[in-house]
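Since the structure comes first, as structure tokens, the remarks are kept for the end.
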């Protein structure tokens, strides 16, 4: 019992020290999904040290270094920290107990304390207040089912979303519905939909702007919905792309297609665009104004999206391409039908002519009968 009490006292001693201390505080801001470094220095004799990191009453890290009487190792009792903490092992006995917290999430926010033990004394760091930020990285937009959708994911703290259009007079054409939910590990996802009036979806040549903001971070997306392109099979098609000339120094461009017809099985069937459809290298900026689709077929029918990415804004141009199948027979079929009908008409005319020549009229029959009677 006595030994158990000593062990319990050994673990509770740092917490008691923490509660009674009023040392200076240090504030650190860490980016989500990256490593966060929490500094801690102490006086070391170079022989042995025990390093413990706490967040409130949770043990974040417990490590012992030193001579043979100390166990050299590392342990994170709290489940949410297992495999996510590290120290600079080769520098601990030199007085560096800095903690590296890996793959930071919003749940890692809070107050941390470093406590080190060296015989016969202990050292406690000041309180380190950790703030986590997950900035808005990208805004996704799409037009489908008579509505424009805007979405951004993995943000912290909770973001806001606002809509606008390039022409203020068009604002009366729509209303929107926005929802936000807390995702795994404390991140926030936000989505909004602009529902168009049925009478306005037939003429959707307009640009929507969606902006998502969270404290200092903000990203925008512009979606221009072009008119539907209807083309016969076999024709060449130009799909437009709205590329802002002012952004040409720093941008990336991607073409995507959501096909409305089944993709045939075979090599390359899952590629975004087949080899013969790839964008050719540009000589002038005007080349990027459209995507050339040569000799389209029904399998190429779908929704094409040009995405131009800049550091702060994403420009999207969405166009539906409808391939009209020509079910009419080829020209030589009609020539064959015409030849057949002409031949048939000549054959019928010939048959009628032969029939007339082989069938005598009534007068000729009467004369033949009279002659035969006289002979008798």
Among 192, 353, which comes first, then next, by fewest other beta-carbon atoms within 10 Å? 353, 192
For the residues 312, 320, 189, what sequence is obtained by ranking on other C-beta atoms within 10 Å, fewest first? 312, 189, 320
Sites residue 33 and residue 184, calculated FRET efficiency, Cβ-Cβ separation with R0 22 Å, nearest 0.05: 0.95
Given the Cα-Cα distance of residue 160 and residue 79 and 0.36 nm per residue of separation, how much length would full extension add, in nm? 25.9 nm
Starting from the 7 Å offset along Cα-to-Cβ, what nm value, one decimal, do you get for the label separation of residue 100 and residue 88? 1.0 nm
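Within a 10 angstrom radius of the beta carbon, how do 138, 179 rank from fewest other beta carbons to most? Please list the in-between numbers first.
Working: 138 13, 179 10.
So the ranking, lowest neighbour count to highest, is 179, 138.
Using a Förster distance of 30 angstrom, determine the FRET efficiency expected from the C-beta separation of residue 236 and residue 335, and round it to 0.05.
Details: r = 27 Å, r/R0 = 0.91.
With R0 = 30 Å, the Cβ-Cβ based efficiency is 0.65.
Here, each number is a calculation from the coordinates, and none is a lab measurement. Owing to the predicted nature of the structure, the values given are computational and were not obtained by experimental measurement. Counting neighbours? That spans all protein chains shown, and the Cβs are built from the backbone with ideal geometry, glycine included.
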